[in-house]
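I have placed the structure first, in the form of structure tokens, so that the comments after it can refer back to it.
Derivation of every value follows stated rules applied to the coordinates shown; laboratory data play no part. None of the values given here were measured: they were computed from a predicted structure. Positions of Cβ are generated from backbone atoms using ideal geometry, with glycine treated the same way; all protein chains shown enter the neighbour counts.
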Amino acid sequence: MRPWVVDALVRGHFVAWFLVAVLWTLVTAILLFPRREGRAPSTLRVLVQLTAGAAVSLAGLLLGDALSIPHVRWRIDADSPLSPPPSSFEAPASWRTLQGPAIRVTVDGQPDIALPALDGRGRWILLGLLSGRALDGLIAAPDLPPEDGQPRLCTVVDDASARPTCRAWPPSWPEPTPASELRDLRWSRSPLGAIAFDDGTARYLLPPRTPDLATLEFIGDPTASAAQNPHANTPLVQLRRISHEHFAAVRVVQLYPPASPPFQIQRAAAAFTAPTRLHALLPVLFLGVLALPLGGLAYLLAPVWFARHLRRRRALRRELDTPLTLDPLLPGGPADVALDHGIHLCAVRDDADLGDALLPRGALVPVAPGVADDEPFTARSWYELPAPRGSASTETPPYPDSAVRHEERGALRRVGLLVPADPPAFRRAARAWLSVRLSPVAMLLAGLSTAVPAAIAVASLLAQR
């Protein structure tokens, strides 16, 4: 399934991209769905977030694979000396301005194929197909007649009765040994392992066998004419090169129906460096794919981790003589204070004795997330975390009415965080405690799953410029 999906995304199939858009819209709606302020996210909410993160991570892996494959898009090179000028007369039979052998040369340290051509000033030059310019250090061919049996350059004539003008092959030019066809590049119909996609041929380019060396592909007959090419709108000559993670190509296309000029010089270029490097970030998205099973395992272990957390915080277990009932505060009321990590304040319904302090009716105490969120809660066994330092004083504590008076000492102290010790309620509090920490992780993974393909897409677009 993976190659088929990646191939559909690379080719721009509407259904594939429509499904991606729908998935991204749903995930965004899930992640941005508002929750009650000051309350811990529910276990169901976090599991939905993890599911959405896993789905978008899986889609991000496929999308990243597709976007990391640059498209080879062809553009017309109207300024090339090889391009015949527009004419209202009968279309020429050949795309060449000069006839002569196509030879293999080196331009700026890179392999190329060179052809004789006429430049804009009418000089007879040796032109690099990929470089698109005259070879450096070579003079224009002088107007010297060729000797019999020696290499020569000749003008192209459309009339069989006309006689072409020829010149001798300059001795300062490279040896005129015709270049034969080269098929060193590897192409495939599958996107697996591809480094580029040719929009013209709908084929995927595979990495060269020798990445450190420039690889050349030369297909076609540079002497072919329109009459020798029965397939219109197909290339007469194609030259492609991979060198140092850069792709360059040039081709000559015969147009149909006949146009003026009837031939086009088309070029394409792409770079593989940036998309390839960013593609190395895709394994990070595997964390998002595994988020849902790992999150489920974390919820199973939440009571163990929460108990360990309470022990590290030196929580005291208190067994009360009478059950302690806590009432949730009215949402948005003057005493509805939102604390950190889903901790909230609850009101004591009846007087309660904690053993070393009395909780009067109406006192506000901090309670662990998941306890008395929307309805009263009653329990006899509680854990109390020590209040932060500096809270034991006769000054007014930061929470209204949360000061409790010790029966014997008469001192004021703030009640620490209360966590129910009964197993069912403790497990619920442990899950809520974990949800507070897992929710931002799920959103972060979903954000990474969106950002990584986006970065690869930008790099691929820049690589095609």
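Sorting the segments 62-72, 316-326, 144-154, 280-290 by their mean number of nearby beta carbons within 10 angstrom, highest to lowest, gives 62-72, 280-290, 316-326, 144-154. Local charge for VAL6 was computed over the other residues whose Cβ lies under 13 Å away, with Lys and Arg +1 and Asp and Glu -1, and equals +1. With both labels modelled 7 Å from their Cα along Cα-to-Cβ, the CYS154 to ASP119 distance reads 2.6 nm. Placing dummy labels 7 Å off each Cα toward the beta-carbon, the span from ILE76 to LEU290 is 5.4 nm. Here r is the Cβ-Cβ distance between ARG183 and HIS246 and R0 is 22 Å; the resulting FRET efficiency, rounded to 0.05, is 0.65.
Where in segment 351-377 does the amide nitrogen come within less than 15 Å of the point 7 Å from the Cα of LEU316, taken along Cα to Cβ? Those under the cut-off are 353-359. Footprinting exposure proxy ranking of PHE18, PHE272, fewest other C-beta atoms within 10 angstrom first, gives PHE18, PHE272. Of the peptides 346-358, 94-106, the ranking by mean beta-carbon count within 10 Å, highest at the top, reads 94-106, 346-358.
A Förster radius of 25 Å, combined with the Cβ-Cβ distance separating ALA140 from ALA162, puts the computed FRET efficiency at roughly 0.60.
By the count of other C-beta atoms within 10 Å, a proxy for reagent exposure, TYR204, TYR299 are ordered fewest to most as TYR299, TYR204. Ranking of GLU217, GLU384, GLU181 by neighbouring Cβ atoms within 10 Å, starting from the fewest: GLU181, GLU217, GLU384.
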